[in-house]
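Asker: Quick one: structure below, then a few questions.
The values are calculated or read from the model by the stated rules, or taken from the named source; none is laboratory data. Predicted model, so just to flag it, every value in this text is computed and none were measured. Glycine gets a Cβ as well: all are built from the backbone with ideal geometry, and neighbour counts include every protein chain shown.
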Amino acid sequence: MSTTLQTLIEGCAKRCGWYATASPSTASTASTYFTLNQAGSQCDSVDDASYYKDAWVKVESDAATAALNVGEIRRVSSYAVATSLFTLSRGFTSNPTTTQLMGLYKAVPPSQWAMLPGWKEYINRTLVGARYRRHGLLTLVTDGDMETSGTTGWTGANSTLTKATTAASVAFGAQALRVANTLANGYAKSGTIAVVANDVFQLRADVKVTSGTAVLVAYDETNAADIDTKSSTATDWRYCWFQFTVPSGCKSITIRLRGTEATADAYWDNVSLRNNSARRVSLPSWVDNRDKFEGLTAVVGDSAQSDAYLADSQMPTDLVDYELLEDPTGATRFYVTFNESPAGDALLFVRGLCPYAELTTDADTTQADPALVSAGARFFAHMDVGPKEKTKQALLEYNGRISALPRTRRVIPRQR
């Protein structure tokens with residue numbers, strides 16, 4: 001489940017300080033406007049006016065076609081209870097309109113304000129300190145694991161290419177490539193791969209057919225001919241695998257994911273291409289320091305039967321017969337070397353630990369546990385603005401959540 005930065009900010013503000021929304025009136029100016037979107041408080045007018053003073057106001061959204069002021073933050077200098085009008089220390093760039101939604105924050109600003117870091121910074125501090133386990137397919141095919149956003153790694157011919165994300169349509173990871181034919185023998189084509197004649201390669205791909213026949217193709221781009229193929233009509237996840245030798249005169253190949261019939265429709269995942277003689281394999285670019293590397297995993301199947309993807313014979317096993325090496329000046333910093341090449345029909349994955357990405361815009365999302373992020377952000381906020389006694393409660397929540405994550409670096413230290 002993904003959570004937006006704005007949702008995280010609002011959740012933190014409700015737990016630490018205060019958050020409310022307001023709507024601009026028709027008489028809004030750049031510095032005076034709106035009515036609160038909740039029932040009036042039980043405080044008297046003096047308390048009410050004092051409470052809202054110094055709160056931060058942020059334009060959360062604008063439903064107008066030409067959105068104005070979205071994301072801008074100002075501070076309340078005074079509040080007139082009788083008229084429900086706020087006066088700001090400085091006006092917004094444009095006069096607020098009735099199509100806008102305002103967020104009011106007490107105690108902690110939504111993002112940096114002067115020397116106060118704000119909720120956005122506190123949330124990002126927590127995200128970069130947490131880790132999630134990630135797997136990357138070792139393959140010569142660009143976007144062979146189908147995890148890259150969009151379909152730019154593949155070129156369609158007589159077919160429509162889309163990335164699928166529903167669980168039933170993905171063999172491993174978060175995405176698979178759907179190839180839906182518009183004419184017979186439509187296909188998705190990988191990027192070009194330079195080869196040498198007589199080299200031997202192992203090619204494997206997972207496929208689930210919705211209709212028609214799916215064909216995995218090693219294609220000779222130099223001579224415009226199929227080198228070898230393997231087909232499937234199975235409607236559950238299976239894999240196609242074969243070994244092929246680069247023919248004489250061939251200098252480059254592509255991998256094609258073809259559909260035979262005009263109505264052929266299939267999902268493809270984990271397109272693995274490995275050179276039999278290669279003992280050195282580059283790791284994905286996201287493995288950019290040793291702390292991110294946990295190990296290698298092989299998913300080996302029964303090539304004689306092409307069993308379903310999740311069959312017992314395809315349970316992952318950890319590899320131990322390799323060495324992790326680093327080349328600080330190389331195009332790829334880290335790579336592994338093998339004493340013996342793994343099984344031909346094996347999928348090889350690097351297993352690593354990555355920090356969650358920082359969030360930039362309010363609409364940015366994260367897969368991190370929102371309760372963990374909230375607890376960490378509130379810990380930082382209480383340390384900066386108080387009350388100090390609240391830090392212990394936030395710390396207990398944070399440690400309770402983070403203990404379930406793999407080998408996570410703690411940006412918030414344990415306290416005795």
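Table: residues versus (1) surrounded by 20 or more Cβ atoms within 10 Å (Cβ to Cβ); (2) outside the structural domain of D362 (by TED's automatic domain parsing); (3) within 22 Å of V336 (Cα to Cα); (4) β-branched (V, I, T).
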| site | (1), (2), (3), (4) |
| --- | --- |
| G91 | no, yes, no, no |
| N95 | no, yes, no, no |
| T98 | no, yes, no, yes |
| M102 | yes, yes, no, no |
| G118 | yes, no, no, no |
| Y122 | yes, no, no, no |
| R125 | no, no, no, no |
| T142 | no, yes, yes, yes |
| G150 | no, yes, no, no |
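Asker: At least 2 residues that are hydrophobic (A, V, I, L, M, F, W, C) in each: list the strands (runs of 3 or more DSSP E) lying fully within the range 182-291 that qualify.
Answerer: The qualifying strands (runs of 3 or more DSSP E) are 200-211, 214-220, 225-232, 238-245, 252-259, 265-275.
Asker: In the range 116-138, how many are assigned to a strand (DSSP E or B) and of a type in the set (S, T, Y)?
Answerer: 1
Asker: Which one is nearest to the chain's Cα centre (by Cα), of the residues in the range 47-75 that are surrounded by fewer than 19 Cβ atoms within 10 Å (Cβ to Cβ), farther than 20 Å from A363 by Cβ and not hydroxyl-bearing (S, T, Y)?
Answerer: Out of the qualifying residues, it is R75.
Asker: Within the range 95-115, count every residue that is of a type outside the set (F, W, Y) and either in contact with a helix residue (DSSP H, G or I) (Cβ under 7 Å, 6 or more places away or on another chain) or part of a helix (DSSP H, G or I) (or both).
Answerer: Qualifying residue count, the range 95-115: 6.
Asker: Any residue in the range 370-390 that's under 11 Å from G17 (Cα atoms): show its pairings with residues that are of a type in the set (K, R) and not in a helix (DSSP H, G or I) at Cβ separation under 7 Å, as long as the two are six or more apart or on different chains.
Answerer: Qualifying pairs under 7 Å: H382/K388.
Asker: Right, something else. If you check every pair at least six apart or on different chains, which have Cβ atoms under 6 Å apart with a residue in the range 81-108 that is without any contact (Cβ under 8 Å) to a residue 60 or more places away in the chain first and a residue that is acidic (D, E) second?
Answerer: V81/D48; T99/D62
Asker: Let me ask another. Of the conditions (1) at pLDDT below 80; (2) assigned to a strand (DSSP E or B), A308 fails just one. Which one is it?
Answerer: A308 satisfies every listed condition except (2).
Asker: If you go through the range 257-267 one residue at a time, do you hit one that is surrounded by fewer than 15 Cβ atoms within 10 Å (Cβ to Cβ), in the same structural domain as S159 (by TED's automatic domain parsing), modelled with pLDDT under 95 and not hydrophobic (A, V, I, L, M, F, W, C)?
Answerer: No.
Asker: Looking only at the range 170-196, which residues are within 18 Å of the chain's Cα centre (by Cα) and farther than 18 Å from A218 by Cα?
Answerer: Across the range 170-196, the qualifying residues are V170, A171, F172, G173, A174, Q175, A176.
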